[in-house]
Amino acid sequence: AHDSCSHRCGELLGTCSCQVTCQSLGICCPDYKEFCLQISPYSGSLMGGKDFLIENTALNASSVLTCRFKQKIKTNGYIAKDGKAHCISPLLYETGFIPFEVSTDDGLTFPYSGTWLSVHHSKVPDGEKCTLVNQTKWQYYGTPNTDGNLTLTWTQQALEATNINIEVWGYHETGDSYSENWLAEWKYLYTLAREIPNNGKYSFIPVPAKGNYSTWDFGILRITPSSFSDGQSNIPSIWSSEHALAWHLGKDFRNDAAAWATAKCIEWDRKEDKLPKFMEEIIDCPCTLAQARADTGRFHKDYGCDIEKGSVCTYHPGAVHCVRAIQASPQYAAGQQCCYDSKGTQILTHDSTGGSTPDRGHDWGSPPFMKPPRIPGFSHWLYDVISFYYCCLWSENCHFYMKNRPSSDCRRYVPPRAASAFGDPHFLTFDGLNFTFKGSGEYTLVESDITYLRVQGRTQQARFPNGTGAQVTGLSAVAMQENNSDVIEIRYSEELNLEVLLNQKVISFSEQSWMDLKGLFLHSTADQNITVMFSSGSGVEIRGSGGFLSLTVLLPDKFINNTQGLFGVMNGNTEDEYTFKNKTTMSIHASPQQMFEFGANWAVENGTSLFTYDTEFLLKNFFYEGKHNASFQPVFFPHEDPTDPLVKEMVSLCESDPFCRFDVLTTRSLQVGNSTRLSHQYHKLLTENLGPVISCGWLDHPTNGIKNGTNYLLGATISFLCDQGYELTGSKERICQVTGAWSGDTASC
């Protein structure tokens with residue numbers, strides 16, 4: 001008899017497997033598909049209330065379904081008319097993959113299991129939310145010149161109900177800041193409309209909320225079927241976006257919004273004075289836009305000001321692009337933001353209201369989530385957004401906000417260093433050497449003791465349709481992990497599709513392009529450029545190009561003198577680049593044959609391999625065989641025949657790029673040569689953009705005078721003028737010097 005996957009998903013059993021790899025290997029237990037659940041959709045807002053279908057299991061129509069998330073949060077499931085099972089997702093205070101189980105015996109046993117992806121509320125597609133029509137009007141309602149009707153619209157098919165209720169929920173955090181008793185709560189406040197038809201639209205004239213509800217100034221709307229009771233948790237719901245609840249605030253706000261907001265702003269400012277200073281521990285900004293866009297392991301574009309989307313920067317006038325630091329700061333979970341003007345220079349709040357403002361609460365939250373200040377989106381709203389309404393939008397007190405949220409300059413910023421591999425594998429090391437290593441096997445590209453970062457690459461003989469290229473190898477898979485993070489592998493499948501595996505399971509980006517995972521964030525662009533951002537700030541970028549993978553690893557300066565592998569020892573010294581596992585080194589003028597031995601030395605072992613072996617082919621060629629195929633003899637010097645018609649085309653395509661020429665000759669494919677040329681160009685541009693930039697730091701204008709210039713980088717000049725009737729002492733002009741200091745003396749009037 002076979003073992004059963006009941007209660008055992010993810011395990012390898014005696015006679016068969018319940019692991020995700022069992023399907024391609026053909027070793028699943030017979031009931032694997034029954035108990036190990038596939039769901040659709042696989043993701044939804046952390047606010048919950050999303051109905052999802054369990055695809056594989058046909059259950060008895062009379063069973064009572066209970067869904068249980070994280071072994072404790074229970075929600076009701078149901079069986080639809082077609083016999084398919086459904087669950088409702090719960091309200092969670094975290095993002096990422098959440099395990100769930102299903103019971104069909106009213107909660108006695110939970111033999112079925114799967115995972116649900118909880119996402120940041122702003123990552124939910126617009127069609128799944130209800131829309132605050134003219135959102136600005138909702139958030140300014142009751143301020144001068146804003147009154148009349150408010151309208152809410154939604155997709156009526158999103159809820160199976162004839163009549164619906166619309167509820168108001170508020171978010172607050174209780175207890176003492178930065179202490180154990182600091183807790184987050186979404187709370188049902190009151191029902192705004194009851195038993196109204198589910199026709200996709202509701203208009204009303206808002207009135208101040210009764211009782212102390214009008215003191216809740218940050219919240220959200222929820223639409224639910226009228227058959228449920230008020231505020232009932234984890235039922236089918238459509239949420240709005242979270243917003244400032246100006247529209248329901250009390251008479252005192254409506255009578256004099258500016259005075260009400262000024263009082264709130266001053267109260268916030270006093271509170272801030274008592275809270276710990278988070279500015280000390282957040283990362284400094286990159287000095288230039290080029291650096292900010294190249295440092296992809298530590299900074300990601302700010303969706304509210306994105307040069308690729310036409311630079312619509314409402315909160316940062318004058319900016320063309322902003323980025324946010326990906327990782328929250330270690331102790332206070334704070335966030336950094338950096339904005340740049342059309343010249344690529346940083347904009348500082350000291351000079352302009354368009355400057356970037358750091359965040360006491362990181363917008364994306366941060367692991368382990370669950371408690372303030374780490375709640376995704378909402379902690380940030382409470383500390384950094386609603387206060388912006390008080391001080392800057394509902395009243396004219398923005399100086400209070402800027403005093404507590406000043407931009408960081410870039411004096412302490414150190415760009416990361418980059419290493420790349422691409423083509424018929426060419427390696428460009430952190431210290432700028434390049435070599436070609438045409439092994440066939442699995443190798444350590446980089447590893448580091450300080451965070452147990454490991455990036456491994458698999459090279460295999462190319463599969464070109466025209467049968468040439470038997471002597472060509474290229475990167476076909478890259479696997480990586482840091483400390484005890486999730487393991488990510490990116491590979492070409494045997495059908496040459498790009499696949500991303502999370503802990504051995506192929507994942508889909510069809511619903512979400514960004515995922516918060518254990519110890520890392522994962523992002524995929526529409527054209528399948530994958531970026532892995534580890535919590536140390538190291539980043540790995542992978543692009544599929546012409547049948548080979550192209551890889552770049554970016555490491556922050558804390559990894560200096562702490563790396564080994566094919567990408568060498570990152571320390572600015574090329575002499576020790578070719579260091580073996582036993583720490584002996586080889587001359588950098590070694591022959592290609594010697595380089596082949598250096599590469600072979602870095603083959604991984606089965607015990608430390610991060611790769612997934614889920615096909616017969618992979619087991620046979622990479623698991624049971626040695627990790628380095630010693631019998632594979634590559635071509636070290638491809639032959640260039642002047643009579644060969646390809647050579648002429650190669651010269652015009654590649655010009656002087658040696659890697660491009662090499663790959664055209666070995667693969668006999670101009671397409672591969674061109675991919676190599678583009679990858680090489682990308683690496684050169686990246687290292688150029690990551691060049692260090694000297695900053696002398698911000699300079700103030702003299703009291704009773706003005707300054708000209710807002711660029712504080714090497715070679716920039718700032719000049720000073722005094723108001724009428726004042727005389728200037730000190731330097732009239734100061735220049736930023738190579739030492740990082742300004743020339744001359746402080747100007748005063």
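The values are calculated or read from the model by the stated rules, or taken from the named source; none is laboratory data. Note that the structure is predicted; figures quoted are calculated from it, not measured. Quick reminder, even Gly has a Cβ in these numbers, built from the backbone with ideal geometry, and neighbours come from all protein chains shown. The protein model used for the area step is the full one, side chains on, heavy atoms only, and it has no ligands, DNA or RNA in it. Shrake-Rupley method; radii C 1.70, N 1.55, O 1.52, S 1.80 Å.
Below, the figures for the structure above:
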{"item": "Calculated FRET efficiency for the pair Phe637/Tyr190, C-beta based, R₀ 60 Å, to 0.05", "result": "0.15"}
{"item": "Cysteines not pairable in the chain (beta carbon separation under 4.7 Å absent)", "result": "Cys130"}
{"item": "Convex hull (Cα only) mean projected area of the stretch 651-749, reported in nm² to one decimal", "result": "9.0"}
{"item": "Normalised contact order of the stretch 257-405, rounded percent, pairs of Cα under 8 Å and 6 or more residues apart", "result": "23"}
{"item": "Sequence of Trp138, Trp154 from largest to smallest accessible area, 1.4 Å probe", "result": "Trp154, Trp138"}
{"item": "Potential extension, Glu655-Lys343 segment - 0.36 nm per residue separation minus Cα distance", "result": "109.2 nm"}
{"item": "Rh by Kirkwood over Cα pairs, then Stokes-Einstein D for the stretch 417-614 at 1.306 mPa s and 10 °C, µm²/s", "result": "94"}
{"item": "Average accessible area per residue (Å²) across the chain - probe 1.4 Å, nucleic acids and ligands excluded", "result": "43"}
{"item": "The stretch 129-254: Rg to Rh, with Rh as the Kirkwood radius over Cα pairs", "result": "0.99"}
{"item": "Nearest-0.05 FRET efficiency for Glu597 and His2, computed from C-beta distance (R0 41 Å)", "result": "0.30"}
{"item": "Percent of beta bridges antiparallel (DSSP, the chain, rounded to nearest 5)", "result": "95"}
{"item": "Apportionment of accessible area to carbon and sulfur, the stretch 417-614, percent (1.4 Å)", "result": "46"}
{"item": "Förster radius 41 Å - calculated FRET efficiency between Thr525 and Asn199, Cβ distance, rounded to 0.05", "result": "0.60"}
{"item": "Per-residue [θ]222 nm for the chain (sum of -39500 (n - 2.57) over DSSP H runs n ≥ 4, rounded to 500)", "result": "-4000 deg cm²/dmol"}
{"item": "Whole-percent carbon and sulfur share, accessible surface of the stretch 694-748, 1.4 Å", "result": "50"}
{"item": "Leading residue at positive end of dipole, the chain (Cβ point charges), from Gly457, Gln38, Ser485", "result": "Gln38"}
